[in-house]
Amino acid sequence: MAWFKRDSDPNKKPPEDPSARTVRTEGLWLKCDGCREIIWKKDLEQTMNVCGKCGYHFRVDARTRMQLLFDDGAYTEQDAELESSDPLGFVDSKPYRDRLKGMQAATGMKDALISGSGLLAGRQVNICAMEPKFIGGSMGAVMGEKITRAVERSMEHRHALIVVSASGGARMQEGAVSLMQMAKISAALMRLDEAHIPYISILTDPTTGGVTASLAMLGDLNIAEPGALIGFAGPRVIEQTIRQKLPEGFQRSEFLVKHGMLDAVVARSEMKAWIATALEFFSGPVHQAA
């Protein structure tokens, strides 16, 4: 008995792969965490990643933040070459150096913050935006140095500074070095304030830990996107500590503005125009060249 046979027809086509007739839809649809509706991804991109039915603001990456704020999405990136030196030689489930390399490959960034200079509504500004996908947007030595340099550029050229926060707080892999960035950035922002140069802080979901306890709440204006989680410790930790149930909406941006912790809650579609108006209030109208 033969265990195989040769196909005598050389022109016979191979059988069609059934999967080739299947329309691939993976990644084309997303479920809204607010209303649980299914949204086509391209429709979501047209609305700045905001649900058109309930207004839920999806998280977006740092580069998208920069493109939404700068005129025509154009800016000059600053200090892009900075990366952590792993000051503690930290190892948890894997070495910190390996974790950094993995994040750099996944995000195309050296660390969790982009710093850029450009125009916002025709006005020269410096903007920093945190990347939540890079170790939770955590703040280490590189983030502290980049923001401090952005402050110094703002002071040198008298340009307003805007920082978009999206972070889990200080980076544990850098220990006390990361905690030092709270004081370093706060001191730099104090010098900016003394120079009477505007600083606007934008808090997005989530902004927690040492970032909230320092730079995120030190703006001349502290504004947030709708529904953003903002606080130091998380609500679950607080409930376990005080042994009480927290109020509805606790630590969300609407709760904070109601209790005087924020100046405004601004929808993403209105953010750029709102900031432009605020900067005009601080510095006067933009004078166009003749």
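Which of the residues spanning the range 171-182 are in contact (Cβ under 8 Å) with a residue 24 or more places away in the chain and in a helix (DSSP H, G or I)?
Residues satisfying the conditions are 172, 173, 174, 175, 177, 178, 179, 180, 181, 182.
Considering each of 186, 165, 178 in turn, give the residue that is within 21 Å of residue 252 (Cα to Cα) and touching a helix residue (DSSP H, G or I) at 6+ places or on another chain (Cβ under 9 Å).
Details: 186 fails: within 21 Å of residue 252 (Cα to Cα); 178 fails: within 21 Å of residue 252 (Cα to Cα).
Of the residues listed, the single one that is within 21 Å of residue 252 (Cα to Cα) and touching a helix residue (DSSP H, G or I) at 6+ places or on another chain (Cβ under 9 Å) is 165.
For the range 64-93, which positions are out of contact with any Phe, Trp or Tyr (no Cβ under 7 Å at 6 or more places or on another chain), in contact (Cβ under 8 Å) with a residue 60 or more places away in the chain and closer than 15 Å to residue 130 by Cα?
Those that are out of contact with any Phe, Trp or Tyr (no Cβ under 7 Å at 6 or more places or on another chain), in contact (Cβ under 8 Å) with a residue 60 or more places away in the chain and closer than 15 Å to residue 130 by Cα: 65, 68, 69, 78, 79, 82.
Being surrounded by 19 or more Cβ atoms within 10 Å (Cβ to Cβ) and among the basic types (Lys, Arg) narrows it down to one residue among 94, 110; which is it?
Selected residue: 110, the only one of 94, 110 that is surrounded by 19 or more Cβ atoms within 10 Å (Cβ to Cβ) and among the basic types (Lys, Arg).
Could you say whether any residue in the range 101-114 is of a type outside the set (A, V, I, L, M) and over 16 Å from the mean Cα position of the chain (by Cα)?
Looking only at the range 101-114, we keep the residues that are of a type outside the set (A, V, I, L, M), and these are 101-102, 104, 107-108, 110-111.
Still in the list and also over 16 Å from the mean Cα position of the chain (by Cα): 101-102.
Yes, the range 101-114 contains at least one residue that is of a type outside the set (A, V, I, L, M) and over 16 Å from the mean Cα position of the chain (by Cα).
Residues being over 17 Å from residue 145 (Cα atoms) and in contact with a Ser or Thr (Cβ under 8 Å, 6 or more places away or on another chain): count how many of those fall in the range 66-95.
Total meeting the criteria: 2.
Among the candidates 265, 211, 257, single out the residue that is buried (at least 21 other Cβ atoms within 10 Å of the Cβ), at pLDDT 95 or above and β-branched (Val, Ile, Thr).
On the way: 265 fails: buried (at least 21 other Cβ atoms within 10 Å of the Cβ); 257 fails: buried (at least 21 other Cβ atoms within 10 Å of the Cβ).
Selected residue: 211, the only one of 265, 211, 257 that is buried (at least 21 other Cβ atoms within 10 Å of the Cβ), at pLDDT 95 or above and β-branched (Val, Ile, Thr).
Are there any helices (runs of 4 or more DSSP H) wholly within the range 214-290 with 1 or more residues that are of a type in the set (D, E, K, R) and under 21 Å from residue 69 (Cα atoms), and if so which?
268-283
Among the residues of the range 217-250, what is the count of those that are closer than 27 Å to residue 279 by Cα, free of Cβ contacts under 8 Å to residues at least 60 places away in the same chain and not small (Gly, Ala, Ser)?
7
The values are calculated or read from the model by the stated rules, or taken from the named source; none is laboratory data. Source: prediction; values computed, not measured. All Cβ positions, even for glycine, are placed from backbone atoms using ideal geometry, and neighbour counts span all protein chains on display.
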